[in-house]
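A short write-up of the structure that comes next.
The values are calculated or read from the model by the stated rules, or taken from the named source; none is laboratory data. Bear in mind that the values here come from a model prediction, so they are computed numbers and not experimental data. Positions of Cβ are generated from backbone atoms using ideal geometry, with glycine treated the same way; all protein chains shown enter the neighbour counts. Ligands, DNA and RNA are excluded from the accessible area calculation, which covers all protein heavy atoms including side chains. Shrake-Rupley method; radii C 1.70, N 1.55, O 1.52, S 1.80 Å.
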Amino acid sequence: MRTTHLLRTALLLAMSVGSLGLMAQSGTTGYEYLHIPVSAHSAAVGGGNVSMGEDDPTLMFENPALLSNVSDLTANFDFTSFIAGTKKLSAGFVRQIGNRGTWAVGAQYLTYGKMTETDQTGAEIGTFSASDIDIQGSFAYMLSDYWSGGVSAKFLFSNYANYNAFAMGVDLGLNYYNEEIGTSVSLVGKNLGGQIKALYEKHEKLPFDLALGYSQTLANAPIRLNITLDDLTRWKNINFFQHFILGVDFFPSNNTWVALGYNLRRSHEMKANGSSHWAGFSVGAGLNIKKIKVGVAWGKYHIAASSLIANLSYAF
């Protein structure tokens, strides 16, 4: 009884933390933490952006095809302070192969902190920890001067108290990027796969997401518009406009960016007493200093708390 209660408590607490805010949009699968943005720039324009043609290694977690835009020998380190005491660390390394190929390795570590352990009567008998780990390898290839394709293989490990699970997933991405006219269009299928070893009796699904993205830099102004349609295979209880994520970038100089974003479905689902309390809004900024790039983003993923994401990249 105690073992079963402990496992159910771990599942309830860990998965409920991961499913708040943005993650609440998919709520019927496991591994919802995969929806938490790694890229501060993507988070700043609403999260889930798959089409920004940037020299940013963190975007490989959104769309592996975007690796084709990343400089050779680039490393990144990331930190996310999420809600309910949840924190995430991530890192990646990018290496070019010849004139058209690019590969990368990346990892995410999400910890939910300490949780209270109880027996079958509800009496507290101690604490335990819960965490999720994503280790992935990615490859992108320039199919032509404007088209690139990419694939990521993910190995997902969950550790809740004395229980563990393992799953495998694949991301497939396609990107069209014409720098001369400032246009980028992407189509991505994320988290294809399934759980191989379950925490308990039931095998959890991966949160499959089909996303379409469009980014356009204006010809006569240092502004880029971003439109993303995500979760395009799920329409039950979701109207057409709630699939939209809108974002805008401002470029005060060649070395800086400022961004704003609005996630329509996140705002709709987080409404309480007629107000979303700014849930769905996000803002961020970045600075490039020679080989170093820094990005920071703030977003409301739940009406009760906000999230902070910080990226640091270095090109050797």
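Points worth noting:
- Accessible area per residue in Å² at 1.4 Å probe, computed on the chain: 45 Å²
- Peptides 79-86, 58-65 ranked from most to least packed by the mean count of surrounding Cβ atoms within 10 Å: 58-65, 79-86.
- Contour excess over end-to-end distance, with Cα ends at T121 and A84 and 0.36 nm allotted per residue: 10.8 nm
- Computed from the C-beta positions of K114 and V248, the FRET efficiency with R₀ = 41 Å rounds to 0.55.
- Magnitude of the charge dipole, the chain, Cβ model with Lys/Arg +1 and Asp/Glu -1, debye to 20: 380 debye
- Computed per residue of the chain from DSSP H runs no shorter than four, each worth -39500 (n - 2.57), the mean residue ellipticity at 222 nm is -2500 deg cm²/dmol.
- Answer label for percent of Cα pairs over 30 Å apart (calculated), chosen among [x] 26; [y] 31; [z] 45: [y]
- Accessible-area composition of the chain, carbon plus sulfur, in percent [1.4 Å probe]: 62 percent
- Taking 0.36 nm per residue of separation and subtracting the Cα-Cα distance, full extension of the segment from W278 to A153 would add 41.5 nm.
- All distinct Cα pairs of the stretch 148-189 go into the 1/r average, and the inverse of that average, the Kirkwood radius, is 12.9 Å.
- Charge tally for H35 (other residues, Cβ to Cβ under 10 Å; Lys, Arg +1; Asp, Glu -1): -3.
- Between the beta carbons of F240 and L192, assuming R0 = 30 Å, the FRET efficiency works out to 0.80 to the nearest 0.05.
- With 0.36 nm allotted per residue and the present C-alpha distance subtracted, the T183-F128 stretch has 14.9 nm of extension available.
- Between F93 and H268, the distance separating the two model label sites (each 7 Å from Cα on the Cα→Cβ line) works out to 4.4 nm.
- Loop-located trypsin sites (Lys or Arg not before Pro) in the stretch 60-160 (DSSP state not H, G, I, E or B) with no more than 13 neighbouring Cβ atoms inside 10 Å: R100.
- Of P252, L212, S158, farthest towards positive along the dipole that unit charges on Lys, Arg, Asp, Glu beta carbons give the chain: S158
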